[in-house]
Amino acid sequence: MQLRDVPITQVSESSTELDEEAEWIYKHAFCKPPISSQESYSRKSHSAVAKIKQALDFIRNQHLEVPFIAFYRKEYVQPDLNINDLWKVYKFDAKWCQLNVRKTNLHKLFENMRNCQLDNIMENPDAPIPDDIRVLKDDDFERLKAAQTPEELKDVHNHFLLYYVHLIPVMQEQNRKKESERLRQEKIDARRKALEASEDGVDGLTMDNLEIEEEPYTEESVKLNVDSGPYAMCRKAGLSGLAKRFGLTPEQYAENVRDSYQRHEVEQEPNDPTDVAKEYLNKRFVNVEDVLYAAKFMVARQLAKEPLLRKCVREIYYERAKVSVRPTKKGMKEIDENHPCYSMKAD
């Protein structure tokens, strides 16, 4: 096969991945006009989806080269797909596989964080949830599942890090303890079965030596995320509660922008902002002006990281903005085929 960064993987017969991938490639490779908005661009009919799926089956399951498909399997893909279209399918297959792997890994991270939050809540179920804790909801998983591009997936990941980066070390430690206990219990069960299968402990196994010593733990197995920066400082100062009293949540504001009307009404705070800010004075923020400035910064950062809002702004720029780029003298020398900006380099 042609060399590419993302390996080609097979798809099981019972899986619907090829159908989903064919629809995704049709939408992103053959329906969206290029950024250059070339006048010669023409959208393919939806009948091409079946041909795209067939081409993907040749590439992923039968490991056929694009030129081979174009010349010796052309009756399966023509007239909807020519050889240039097949190369485009091959290229976008790599993007799909990479996107799927990242979504799977991020979904595991979401699951681990939700389990960690659930364990912490169940330790004291009657206690109120702290202001700086945002509980992972089903909507977060749906948003992850709905991510269709690397940019959207990156937005979801950055949104997760904004609210949960300080909890990742706690989550990793809990997972380590659970995994260690699981392995320990498996060894105990294995020895118990071996003891029961032996006659009078002829193998030297007794119930007295059934316990397993816990394997030593090295700090290198857990990579801690650095929880620092202005937003972390404001959160540690206890200003998350004040940021929540600005009337609309970031999700509600983003939905208003998406729908172009006030879907969610603003919940007015009955008290004056200066009076509310006095409740949050601390050693870090000693006056009302600093508290309000920091709270506005937190809200601004939350809005900036809101995936739906970023998607809306990105679509507006994609439809209305025009960007022209050309490499500098340094770029002409340094940007080669292995450089991430090679695709933007002028011919």
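Checking Pro33, Pro79 one by one, the residue that is without any contact (Cβ under 8 Å) to a residue 12 or more places away in the chain, closer than 30 Å to Ala321 by Cβ and assigned to a loop (DSSP other than H, G, I, E, B) is Pro33 and no other.
Restricting attention to the range 290-321, the residues that are without any contact (Cβ under 8 Å) to a residue 40 or more places away in the chain and not in a helix (DSSP H, G or I) add up to 1. Assess whether His28 counts as being surrounded by 12 or more Cβ atoms within 10 Å (Cβ to Cβ), within 29 Å of the chain's Cα centre (by Cα) and within 30 Å of Val165 (Cα to Cα). No, not satisfied.
Just one of (1) within 26 Å of Asn158 (Cα to Cα); (2) in contact with a helix residue (DSSP H, G or I) (Cβ under 8 Å, 6 or more places away or on another chain) fails for Phe285. It is (1).
Suppose the filter is surrounded by 15 or more Cβ atoms within 10 Å (Cβ to Cβ), more than 19 Å from Tyr26 (Cβ to Cβ), touching a residue at least 24 places away in the same chain (Cβ under 8 Å) and in contact with a helix residue (DSSP H, G or I) (Cβ under 8 Å, 6 or more places away or on another chain); does Leu106 pass it? So that I can check it myself, show each step before the final result.
Numbers: surrounded by 15 or more Cβ atoms within 10 Å (Cβ to Cβ): yes; more than 19 Å from Tyr26 (Cβ to Cβ): yes; touching a residue at least 24 places away in the same chain (Cβ under 8 Å): yes; in contact with a helix residue (DSSP H, G or I) (Cβ under 8 Å, 6 or more places away or on another chain): yes.
It is true that Leu106 is surrounded by 15 or more Cβ atoms within 10 Å (Cβ to Cβ), more than 19 Å from Tyr26 (Cβ to Cβ), touching a residue at least 24 places away in the same chain (Cβ under 8 Å) and in contact with a helix residue (DSSP H, G or I) (Cβ under 8 Å, 6 or more places away or on another chain).
Whenever a residue of the range 236-256 is touching a residue at least 60 places away in the same chain (Cβ under 8 Å), its partners that are crowded, with 17+ Cβ neighbours inside 10 Å and part of a helix (DSSP H, G or I), lying with C-beta atoms within less than 8 angstrom and at least six residues away or across chains, give the pairs Ser240/Cys234; Ser240/Met298; Glu251/Leu308. When each of Lys345, Lys244, Lys296, Lys311 is tested for being among the basic types (Lys, Arg) and within 20 Å of Lys154 (Cα to Cα), the lone residue that passes is Lys311.
Looking at Ala94, Ala146, can you tell me which residue is closer than 29 Å to Glu319 by Cβ and touching a residue at least 60 places away in the same chain (Cβ under 8 Å)? Give the derivation first.
Numbers: Ala146 fails: touching a residue at least 60 places away in the same chain (Cβ under 8 Å).
The match here is Ala94.
In the range 259-270 there is no residue matching the filter, namely being in contact (Cβ under 8 Å) with a residue 12 or more places away in the chain, more than 17 Å from Asp131 (Cα to Cα) and assigned to a helix (DSSP H, G or I). Considering the range 149-185, the residues that are assigned to a helix (DSSP H, G or I) and polar (S, T, N, Q) include one that is surrounded by the fewest Cβ atoms within 10 Å (Cβ to Cβ), namely Gln185. Counting only residues that are crowded, with 16+ Cβ neighbours inside 10 Å and of a type in the set (A, V, I, L, M), the range 265-302 holds 9 of them. Ser221 meets the conditions (1) of a type in the set (Ser, Thr, Tyr); (2) over 36 Å from the mean Cα position of the chain (by Cα); (3) at pLDDT below 90 in every case but one. The failed one is (2). In the range 172-191 there is at least one residue that is modelled with pLDDT under 85, more than 30 Å from Gly229 (Cβ to Cβ) and not hydrophobic (A, V, I, L, M, F, W, C). Filtering the range 1-27 to residues that are under 18 Å from Ile69 (Cβ atoms) and in a helix (DSSP H, G or I) leaves Leu18, Glu21, Ala22, Ile25, Tyr26.
The values are calculated or read from the model by the stated rules, or taken from the named source; none is laboratory data. Because the structure is a prediction, the values reported are computed rather than measured. So basically every Cβ, Gly included, is an ideal-geometry build from the backbone, and we count neighbours across all protein chains shown.
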